[in-house]
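Asks: Dropping a structure here in structure tokens format, bear with me for questions.
The values are calculated or read from the model by the stated rules, or taken from the named source; none is laboratory data. Please read these numbers as outputs of a predicted model, since none were measured by experiment. A quick note on method: Cβ atoms are made from the backbone with ideal geometry, for glycine too, and the neighbour counts reach across all protein chains shown. Please note that ligands, DNA and RNA were not included when accessible areas were found on the heavy atoms of the full protein model with its side chains. Shrake-Rupley method; radii C 1.70, N 1.55, O 1.52, S 1.80 Å.
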2 protein chains.
Amino acid sequence: MRIEDIALEAGVSTATVSRVLNNPDLVKPQTRERVLEVVRRHEYTPNSLARGLMTKKSKTVGVLIISITNAYYMEITEAMQRRFRDAGLMMLLAATDDRPELERAYIREFAARRADGIIVIDASEENFSDGFFAREATRRPLVLIHSNAAITASPLDQVYVDQRLGMRRVMDYLVGLGHREVALLRGERGFSYDVKEAARAKWLSERGLPERPELVFRIADGNTEDAIPLAEEAVGAAIREGRLPSALFACNDLMARGAVNAATKAGLRIPEDLSIIGHDDTILAVSGRIQLSSVDLKMRSVGAAAAELLLSALHDEGSRPPRTVRIEPELVIRDSAAPPSPHTAPPHATPSHATNLHA
Amino acid sequence: MRIEDIALEAGVSTATVSRVLNNPDLVKPQTRERVLEVVRRHEYTPNSLARGLMTKKSKTVGVLIISITNAYYMEITEAMQRRFRDAGLMMLLAATDDRPELERAYIREFAARRADGIIVIDASEENFSDGFFAREATRRPLVLIHSNAAITASPLDQVYVDQRLGMRRVMDYLVGLGHREVALLRGERGFSYDVKEAARAKWLSERGLPERPELVFRIADGNTEDAIPLAEEAVGAAIREGRLPSALFACNDLMARGAVNAATKAGLRIPEDLSIIGHDDTILAVSGRIQLSSVDLKMRSVGAAAAELLLSALHDEGSRPPRTVRIEPELVIRDSAAPPSPHTAPPHATPSHATNLHA
DNA sequence: GTCCTTAATGTAAGCGCTTACATTTTGAGT
DNA sequence: ACTCAAAATGTAAGCGCTTACATTAAGGAC
């Protein structure tokens, strides 16, 4: 069924059918109804490829993420999809597996398909720094979602998730509770870990407090299921050897959960003997007996903001100056942190550890 | 940049440029190189809308799921995306929020965009039974992913996840361990709960065992985060009132986790005092101190199979008879189930409960 | 050199829409 | 009944590609 068939059957020209479909009030109610009847009877749907060819709009937005099985990304994506649904846009979704060359390839593909706009979550540093995105943004609306403060000043539409603020809030809270030291548990490699570690270091140095590298614990894989046992192992060892202070921040809930398991296994009570804070506020935070305090990155707000940014760019077409929206993470306080017990030594304290406390 | 610009600059006709891009060996190596040079220099990418208009192929597949923030669906989706990437197809993703009318609308939209194929996960009963999918399948490759045994015989491409088998395996295992009764914990409404409850009932009746409706526990919401506390509450009450037998199957890991929490809180040991089996084998199964045995639905295999089915349908175009692939869930055994302790009464046993055990 | 087959390229007709512009209808104003 | 602007519709030119068919170039065989 093509528009011509409908036109023939309704006894009008293709232009009129097109008008009925796109600008109904340009056509006389009577004719309109006649055309619509035929359209309905044949369940005719215009070919959007042909339409897109003419209008240069595909009603499509390309969304690029690192991994599909990642609650963080998918919450953002869901929020966007909701917004786009209302705007009549469809979403092309692709995962880069954190490979910069795939990132480029997919963006090219989006371009080839004439996506009206593109959203990239946690883009690779590489493609950003060589101006690839800046160039791309001149061709069509592009919005970046990330936590990289360095990018913030670039003239690009972006949603900046201020993880440094989140980190500050964690430190404020824990230290406010009376903890003298806060250990950090992170994955070996990954931008988000670096951001958090750096933010913690900054917080400490701003207060003239020492950064003690031995309080940063690294596990090989912080992102997948394996992070839980790995974290459990690392934290278990630290407890046994008395290397753990009274508070621990884990860079995500997976690791936090592992830490909780290790502590429980070692006979430590949470939060009395050890305070633990997680990050991302995923289902894991609320799944166990003890409910983890965690940093909520507000993914839904992030997704909504990104969608809104793109939509407005689509609308204003051209002259509009790029905007950057900053999202403030929130520390969700539950039951996994408390003041360090004054009457108790830090978990399995050793003399050397006690000394370190005053370092 | 259009193909014509490239042609002009390379001093050939548009047809030749098109050939260079689509059938390189139809053109003399020397000309080919000249054209490619221009293409590269301008980073020219053919407009796939125009191409699709001619070829009647969009290199796109539409994927429809109920919710984007659902680990189950996303694992399937990730497996598909991997396969489609290799095949040069892009994925349009949309969520129906379990609304049949949205399901239809999106499928129409996929059709309008001339998606080469469509995959629907857990389609609504409604759209299936009124022949909507059957009709749709005549127009373009369509594959359904579901657990509905009733559909299995339909002449449609489908991936059938045999949850009944999974349920049987759970019952075999638990009863094999020596449990006399197995409680079921489910959400109030939802097809997947019904399937499991029915499979359990069937298993029991095949063995002449009584179905005791009071051993089926329902909570209002089994799908979201709230399921954990709701399950905890329900199971906690059942324990207190001695209504819980020595084994419990939860329809998903959320509820299983809630059950574990309730048992722990009540001072019960798992698995010694209470055996618990979860379902879906998500991260929740391995996140806590006690590792939950759970039914793995093999989502990755499901996704891969669905993609393969679609790809083969795309390839054979037409005459190919529809196939249905059956996926066998697997019971992953961890630490949450054990034989009921012979020396101990069932948890908080009451006389009436003890009587029921022999019913 | 001529003839003929095959390889290489060009020409032009669409694919199914939208839309600028041209033409016809309509109806209020006189 | 006649004008004329406004409303309704039609005509046809593309949008940027692919591809059937036509044409030209290349290279053996004689």
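Asks: Within region A:183-219, track down each residue that is assigned to a loop (DSSP other than H, G, I, E, B) and not aliphatic (A, V, I, L, M).
Replies: A:GLU188, A:ARG189, A:GLY190, A:ARG207, A:GLY208, A:PRO210, A:GLU211, A:ARG212
Asks: Of B:GLY258, B:GLY222, which residue is modelled with pLDDT under 95 and open to solvent by less than 10 Å² (accessible area, probe 1.4 Å)?
Replies: B:GLY222
Asks: Keeping to region B:166-177, report how many residues are in contact (Cβ under 8 Å) with a residue 40 or more places away in the chain and either open to solvent by 20 Å² or more (accessible area, probe 1.4 Å) or within 19 Å of B:LEU102 (Cβ to Cβ) (or both).
Replies: Qualifying residue count for the region: 3.
Asks: Here is a further query. Anything in region B:78-88 that is away from DNA strand D (no atom under 16 Å from the Cβ) and either more than 7 Å from every other protein chain (Cβ to nearest Cβ) or closer than 13 Å to B:LEU310 by Cβ (or both)? List them, or say none.
Replies: Correct list: B:ALA79, B:MET80, B:GLN81, B:ARG82, B:ARG83, B:PHE84, B:ARG85, B:ASP86, B:ALA87.
Asks: Pick out the one residue from A:SER293, A:SER246 that is away from every other protein chain (no Cβ under 14 Å), farther than 30 Å from A:MET80 by Cα and at pLDDT 95 or above.
Replies: Unique residue meeting the criteria: A:SER246.
Asks: Which condition number in (1) more than 30 Å from B:ILE66 (Cβ to Cβ); (2) within 16 Å of DNA strand D (Cβ to nearest atom) is the one that A:GLU101 fails?
Replies: If we test A:GLU101 against (1) more than 30 Å from B:ILE66 (Cβ to Cβ); (2) within 16 Å of DNA strand D (Cβ to nearest atom), just (2) comes out false.
Asks: Please enumerate the residues belonging to region B:109-141 that are free of Cβ contacts under 8 Å to residues at least 40 places away in the same chain, farther than 16 Å from A:THR45 by Cβ and either touching a helix residue (DSSP H, G or I) at 6+ places or on another chain (Cβ under 9 Å) or part of a helix (DSSP H, G or I) (or both).
Replies: B:SER124, B:GLU126, B:ASN127, B:PHE128, B:SER129, B:PHE133, B:ALA134 - these are the residues of region B:109-141 that are free of Cβ contacts under 8 Å to residues at least 40 places away in the same chain, farther than 16 Å from A:THR45 by Cβ and either touching a helix residue (DSSP H, G or I) at 6+ places or on another chain (Cβ under 9 Å) or part of a helix (DSSP H, G or I) (or both).
Asks: Run A:PRO229 past the list (1) under 22 Å from the mean Cα position of the chain (by Cα); (2) within 24 Å of A:ASP280 (Cβ to Cβ); (3) without any contact (Cβ under 8 Å) to a residue 40 or more places away in the chain and report the number of the one that doesn't hold.
Replies: The one condition A:PRO229 does not meet is (1).
Asks: If I go through region B:5-31 residue by residue, how many of them are charged (D, E, K, R) and over 46 Å from the mean Cα position of the chain (by Cα)?
Replies: The total comes to 3.
Asks: From the set of residues in region B:53-67 that are assigned to a helix (DSSP H, G or I) and among the hydrophobic types (A, V, I, L, M, F, W, C), which is farthest from B:GLY190 (Cα to Cα)?
Replies: If we take residues in region B:53-67 being assigned to a helix (DSSP H, G or I) and among the hydrophobic types (A, V, I, L, M, F, W, C), then B:MET54 is farthest from B:GLY190 (Cα to Cα).
Asks: Can I ask one more? Of B:SER287, B:SER312, which residue is of a type in the set (Ser, Thr, Tyr) and open to solvent by less than 20 Å² (accessible area, probe 1.4 Å)?
Replies: Only one candidate qualifies: B:SER287.
Asks: Could you check region A:228-255 and list, in sequence order, the residues that are farther than 19 Å from A:SER336 by Cα and open to solvent by less than 20 Å² (accessible area, probe 1.4 Å)?
Replies: A:GLY242
Asks: Is one or more of the residues making up region A:84-100 closer than 20 Å to B:ALA95 by Cα, of a type outside the set (Ser, Thr, Tyr), touching a Gly at 6+ places or on another chain (Cβ under 6 Å) and touching a residue at least 60 places away in the same chain (Cβ under 8 Å)?
Replies: Looking through region A:84-100, none of the residues is closer than 20 Å to B:ALA95 by Cα, of a type outside the set (Ser, Thr, Tyr), touching a Gly at 6+ places or on another chain (Cβ under 6 Å) and touching a residue at least 60 places away in the same chain (Cβ under 8 Å).
Asks: Something else: Quick one: which of A:THR55, A:THR69, A:THR96 is more than 8 Å from every other protein chain (Cβ to nearest Cβ), surrounded by fewer than 20 Cβ atoms within 10 Å (Cβ to Cβ) and β-branched (Val, Ile, Thr)?
Replies: A:THR55
Asks: If you don't mind, another one. Looking at region B:249-266 only, could you name the residues that are away from chain A (no Cβ under 12 Å) and assigned to a loop (DSSP other than H, G, I, E, B)?
Replies: Answer for region B:249-266, where residues must be away from chain A (no Cβ under 12 Å) and assigned to a loop (DSSP other than H, G, I, E, B): just B:CYS251.
Asks: Does B:GLU109 count as open to solvent by 30 Å² or more (accessible area, probe 1.4 Å), in contact with a strand residue (DSSP E or B) (Cβ under 8 Å, 6 or more places away or on another chain) and under 30 Å from B:LEU21 (Cβ atoms)?
Replies: For B:GLU109, the condition - open to solvent by 30 Å² or more (accessible area, probe 1.4 Å), in contact with a strand residue (DSSP E or B) (Cβ under 8 Å, 6 or more places away or on another chain) and under 30 Å from B:LEU21 (Cβ atoms) - is met.
Asks: Moving to a separate point now. Has region B:257-265 got at least one residue that is farther than 30 Å from A:ALA263 by Cα, polar (S, T, N, Q) and under 27 Å from the mean Cα position of the chain (by Cα)?
Replies: No, region B:257-265 contains no residue that is farther than 30 Å from A:ALA263 by Cα, polar (S, T, N, Q) and under 27 Å from the mean Cα position of the chain (by Cα).
Asks: Residues of region B:37-52 being away from DNA strand C (no atom under 12 Å from the Cβ) and open to solvent by 40 Å² or more (accessible area, probe 1.4 Å), which ones?
Replies: Those that are away from DNA strand C (no atom under 12 Å from the Cβ) and open to solvent by 40 Å² or more (accessible area, probe 1.4 Å): B:GLU37, B:ARG40, B:ARG41, B:HIS42, B:GLU43, B:THR45.
Asks: If a residue has to be more than 17 Å from the chain's Cα centre (by Cα) and part of a helix (DSSP H, G or I) to count, how many in region A:85-104 make the cut?
Replies: Number satisfying all stated conditions: 6.
Asks: Yes or no: region B:199-206 includes at least one residue that is under 16 Å from B:ALA262 (Cα atoms), surrounded by 18 or more Cβ atoms within 10 Å (Cβ to Cβ) and of a type in the set (A, V, I, L, M).
Replies: No, that holds for no residue.
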